[in-house]
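So the structure is just underneath, and the comments pick up after that.
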Amino acid sequence: MKNILLGLNAVELRALMQEEGELPYRGSQLAEWLYRHGARTLDDMSGLPATLKTKLKPKYEVGRSNILATQQSHDGTIKLLLEMKDGARIETVGLPYADRFSCCLSTQVGCPIGCTFCASGQGEFVRNLGPGEIVEQVLTVQEIIKSGVIKISSRSHRIDNVVIMGMGEPLLNYESTIKAVRLLNNEIGIGIRHITISTVGIVPGILKLAKEKSQVTLAVSLHAPTDELRKKLIPGMTKWGISEITNASREYIRQTGRRVTFEYCMLDGLNDGALEARELARILTGLKCHVNLIQYNPVPELPFPTPSQAKVREFRDILQRAGIQVTQRVQRGVDINAACGQLRRQMEKLQPAPDKK
């Protein structure tokens with residue numbers, strides 16, 4: 001089996017070239033081709049001598065995924081199903097906006113949390129992704145944009161914003177996620193304040209991230225204002241209560257000076273009432289935070305309806321009157337079932353992933 005280059009940073013690649021008897025600057029060239037040009041193979045790296053590529057090919061490969069499916073919504077959202085080297089399948093999403101181009105990244109194959117309303121949580125957890133597999137999603141979306149196969153109306157054709165909130169729980173794959181963040185920042189050139197890590201509330205991970213003192217944005221998927229309701233919606237997250245999660249968030253704010261985002265997916269008749277809004281305002285009062293209200297993106301096989309715009313506005317108004325900063329996320333990709341995990345589930349029914357055991 002060949003060694004994979006993607007996931008190594010420029011320093012590691014320079015050291016690798018020295019081990020191969022080459023000058024260190026060849027490692028810097030490799031990093032440039034991997035992360036700035038998105039090379040899929042060593043042959044794509046036209047700036048490297050043919051003799052060096054011939055020398056490296058028997059031992060090394062880039063490690064890019066295959067694109068199994070591509071979808072585009074009428075609103076421009078792009079969704080890709082990617083197959084890794086071992087046959088594992090993940091999703092990534094490209095989100096064009098008027099002022100930026102964002103990419104939503106997965107960190108695990110499947111998800112061990114099991115949120116009752118999430119398509120990713122309905123399938124089995126397979127494994128963690130490596131840092132190269134996380135970063136590779138940005139490279140592949142960027143490749144699709146540049147190819148012109150999918151038309152983009154956004155003024156920005158370069159991914160300049162990343163949200164790590166696709167399939168999986170990033171803080172249960174901490175080391176790979178953090179290295180991926182550094183690669184995105186240092187090698188690809190995405191500003192650290194334009195990178196968001198989303199967690200369902202893994203308290204030790206939040207505290208560990210706080211100690212990094214990074215300027216990455218932390219988003220906490222709360223989805224309920226009480227422990228009782230949260231346990232019904234997220235049965236795999238009973239270890240830490242809401243008070244512990246908010247205390248860990250407070251420590252993140254103290255260590256980094258950064259505001260924390262609390263994600264709140266609104267499910268009609270379950271967590272979207274005035275009572276829940278007032279309780280959410282109560283527990284968040286005094287925190288340097290804002291709430292991102294998410295109108296549920298329906299999953300056909302799950303029995304969760306989407307609340308009306310009127311209910312979302314009422315919920316938002318209650319928070320605002322309590323002094324909580326709040327935004328409402330615009331629904332994207334509804335016509336292509338862009339909710340996390342849906343495309344992978346559909347493909348598994350039609351064409352199961354190969355058994356690599």
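Computed from the coordinates by the stated procedures, all read-outs in this text should not be read as laboratory data. Keep in mind it's a predicted model, so treat the numbers as computed, not measured. Backbone-built Cβ (ideal geometry, glycine too); neighbour counts: all protein chains shown.
Numbers below:
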{"read-out": "Computed label-point distance, nm, for sites Y25 and T51 using a 7 Å Cα→Cβ extension", "value": "1.6"}
{"read-out": "Shape of segment 51-187, Cα gyration tensor, a/c cut at 1.5", "value": "oblate"}
{"read-out": "Taking C104, C115 and counting other C-beta atoms within 10 Å, the order from fewest to most", "value": "C115, C104"}
{"read-out": "For segment 3-61: rounded, prolate or oblate by the Cα gyration tensor [a/c cutoff 1.5]", "value": "rounded"}
{"read-out": "Environment charge at D272 (Cβ cut-off 15 Å; Lys +1, Arg +1, Asp -1, Glu -1)", "value": "+1"}
{"read-out": "Length released on extending from A310 to R158, taking residue separation times 0.36 nm less the Cα-Cα span", "value": "51.2 nm"}
{"read-out": "HN-Hα J in Hz across segment 49-57 - Karplus 6.51, -1.76, 1.60, θ = phi - 60°, x for Gly and Pro", "value": "x, 4, 5, 5, 4, 4, 5, 7, 3"}
{"read-out": "Projected area averaged over orientations for segment 243-316, convex hull of C-alpha atoms, nm²", "value": "5.6"}
{"read-out": "Rounded tilt (10° steps) of 131-147 against the dominant C-alpha axis of the chain", "value": "80"}
{"read-out": "For the chain: rounded, prolate or oblate by the Cα gyration tensor [a/c cutoff 1.5]", "value": "prolate"}
{"read-out": "Estimated vicinal HN-Hα couplings, Hz - segment 96-109 in sequence order (Karplus 6.51, -1.76, 1.60; Gly, Pro = x)", "value": "x, 10, 5, 10, 6, 10, 10, 10, 9, 10, 8, 10, 9, 8"}
{"read-out": "Note, ³J(HN,Hα) from phi for segment 234-244, Karplus 6.51, -1.76, 1.60, rounded to Hz, x at Gly and Pro", "value": "10, x, x, 10, 9, 6, 10, x, 4, 5, 5"}
{"read-out": "Simple spin-label estimate for R259 and N186 in nanometres, 7 Å along Cα-Cβ", "value": "3.0"}
{"read-out": "Distance in nm between pseudo-label sites at L287 and K208 (7 Å out along the Cβ direction from Cα)", "value": "2.1"}
{"read-out": "Nearest 10 degrees, 0 to 90: helix 309-321 Cα axis against the chain principal axis", "value": "80"}
{"read-out": "Charge tally in the Cβ shell below 12 Å around R40, where Lys, Arg are +1 and Asp, Glu are -1, R40 excluded", "value": "-4"}
{"read-out": "Environment charge at H290 (Cβ cut-off 11 Å; Lys +1, Arg +1, Asp -1, Glu -1)", "value": "+1"}
